[in-house]
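Let me begin by presenting the structure, written as C-alpha cells, before commenting on it.
The values are calculated or read from the model by the stated rules, or taken from the named source; none is laboratory data. None of these values were measured; they are calculated from a predicted model. No Cβ is skipped: glycine too gets one built from the backbone with ideal geometry, and neighbour counts run over all protein chains shown.
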Amino acid sequence: MVTRRTLITGLAAGALTGFLPQRLGQAAAATDPRAPIQPLALTPRISPRTLLGPGTQAQDLYLFNDTIFPIVRARRGTRLKVAVDNRLPVGTTVHWHGIRLPNAQDGVPGLTQDLIPANGGQFTYEVPLPDAGTYFFHPHCDETGQVGRGLAGVLIVEEEEKLPFQAEHILVIKDWRLAPDGSFLPFLTEEGASKAGTFGTVRGVNGVGPARLSAPAHADLRLRILNLDSTRTVQVGTAEAEGYIIAYDGHAVPPADFDTCDLGSSQRLDLHVRMPAEGQSVSIFDYRTGGEPFLLARIEATASSFRKRPFKPIALPAPNVPKADLRKAERLSLSLQQATDDAANVLDGLPPDDPLAKALVDQYCTGPRTFWAISQNSWPTGGTKPMPVLAFVAAPGNWVLHCHILDHMETGMMGYVSIA
C-alpha cells in the first residue's frame, strides 16, 4: 500500500502512450455538506437514430436522456446529486472524467462500485465540483461499445464570477464506426487494438459532419473543444481569426498564442477567439489527417453592436489544486513491457503487493519490435529513454489508470493504484 498522501511516479523506458492516471493528478476534494445541491437525472437508454440520413439504416444509439452529448452546467463550489436510471439492456456506470471527487463516486465497476444493472437499475452519485473547467462523463463498462454508440456527455463547471466573454460554443469531436448503409461496424478489431486503435469511418462534431455555428461579429468567443473519440488524435487549428489557449484538460493556463494544438482521446482545450467582422467566419480544422485538413467547425460572424478593438486575452481564474510536496514524496518506478506471458509477470522488479504491480498490459497493446512511450515516440525493443516524472497528491482509494485509446484499455492497458 502507498501510505503517504503524496506520490511521485517515474515512468521508466517502455511506458505506453496514454498510460496516464485518469484521476490521480489531484487529491479528491472534501465534500462541503453545506455546498448547494443541483439535482440531475440521467437516463441511459436506446435511442434509434439515422446518422447518415435518408435511405440508410437507423441504428440503436446509447444516449443519456435521448440526447447526443448532452451538456450539463453547474457552478463551481456546488454539488451534483445525480440519479441514474439505467434503461439500457446492459449494465453501465457513470465516470466523471477529471473531477476531483471521493473514490466511491468514481464510477469504475469492480473497483469503486457494482455495475448499475440493466433494464431499470438505479444508482445515485454525489459529485462535488471544486474546480471550474470543461469536463465530461462516460461509462466505464464496455467502453468501445457504449461510447461507440454515443454514451457520453459534457460537464461544464462555470466560474463563480462572470467572465467577459460575449459568446460560447462547445465542439465535441467523435467519429462513428458506420458502414455505407448506416449500420454499425465492429467497434474494436484485433488489428486496430494491436496498433493505434480502431478508427471511425464517419467523422463528426456534435453529431455527424462539421458543426455550423454563429457568433456576434467582433465578439470575444469562448470555444470549448472536447475530443471524445475512442481513438483519434486531432491537431486543432483555426483560420481567419486570432486566438489564445486559456485552458487545457479542464485547467486554466496563462493565455498562450494559439496556432495548433494536439488533442488525444479524452483531452480538452479552451480557446479565446476574437470573431471577425460581420459576414466573415472562423474555421476550425483538424490538420492531423495525412492529407487535406478536415473542417471541424465553421462559425459565422453575425450582425452585432461590438466594435473592432485591440485583442487582449481573457485570463481564467487560476485553479486551486493541491500541490505535491516533493520533499515528502514516495518515489516509485513503473516499467511496462509487452505481455507475452502471464500479465502479472510484466512488471519485473516490483513486489506483488506493490500498488503499481497491479497494472496490466495486454500483448495487443504493443508491436513485437516497439514500445509506445508517454511522449508518443517509440524506440526499438531494449532501448532506454528517460521519461518525465509525474507528481501528484493522492487521495485514499483505488484509482484506475489506463490508456484512453479505448481499444488498448479493453485489451489490457488498464490497472489501478491503491492509496491507503
Fill in: Filter result for the condition that a residue is surrounded by 21 or more Cβ atoms within 10 Å (Cβ to Cβ) and within 22 Å of the chain's Cα centre (by Cα), over R75, R100
R100
Discussion item. Out of I314, I374, I need the residue that is at pLDDT below 75, part of a loop (DSSP other than H, G, I, E, B) and surrounded by 13 or more Cβ atoms within 10 Å (Cβ to Cβ). Which one?
Written reply: I374
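What do you reckon, is S265 crowded, with 18+ Cβ neighbours inside 10 Å, more than 16 Å from N227 (Cβ to Cβ) and touching an Asp or Glu at 6+ places or on another chain (Cβ under 6 Å)? It would help to see each step written out before you state the result.
Working: crowded, with 18+ Cβ neighbours inside 10 Å: yes; more than 16 Å from N227 (Cβ to Cβ): no; touching an Asp or Glu at 6+ places or on another chain (Cβ under 6 Å): yes.
Spelling it out, it is not the case that S265 is crowded, with 18+ Cβ neighbours inside 10 Å, more than 16 Å from N227 (Cβ to Cβ) and touching an Asp or Glu at 6+ places or on another chain (Cβ under 6 Å).
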Discussion item. Considering only residues that are closer than 27 Å to R232 by Cα, acidic (D, E) and assigned to a loop (DSSP other than H, G, I, E, B), which ones fall in the range 276-311?
Written reply: E292
Worksheet item: For the range 163-185, how many residues are assigned to a loop (DSSP other than H, G, I, E, B) and in contact with a Leu (Cβ under 6 Å, 6 or more places away or on another chain)?
Response: 4
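Considering each of D220, D175, D262, D181 in turn, give the residue that is in contact with a Gly (Cβ under 8 Å, 6 or more places away or on another chain) and acidic (D, E).
Values: D220 fails: in contact with a Gly (Cβ under 8 Å, 6 or more places away or on another chain); D262 fails: in contact with a Gly (Cβ under 8 Å, 6 or more places away or on another chain); D181 fails: in contact with a Gly (Cβ under 8 Å, 6 or more places away or on another chain).
Being in contact with a Gly (Cβ under 8 Å, 6 or more places away or on another chain) and acidic (D, E) holds for just one of D220, D175, D262, D181, which is D175.
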Worksheet entry | When residues of the range 225-273 are limited to those that are of a type in the set (D, E) and in a strand (DSSP E or B), the one farthest from K195 (Cα to Cα) | E242
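Among the residues of the range 160-180 satisfying the criterion of being at pLDDT 95 or above and of a type in the set (D, E), which is farthest from H218 (Cα to Cα)?
Restricting attention to the range 160-180, the residues satisfying the condition of being at pLDDT 95 or above are 163-180.
From what's left, of a type in the set (D, E): 168, 175.
Values: E168: 13, D175: 32 Å.
The qualifying residue farthest from H218 (Cα to Cα) is D175.
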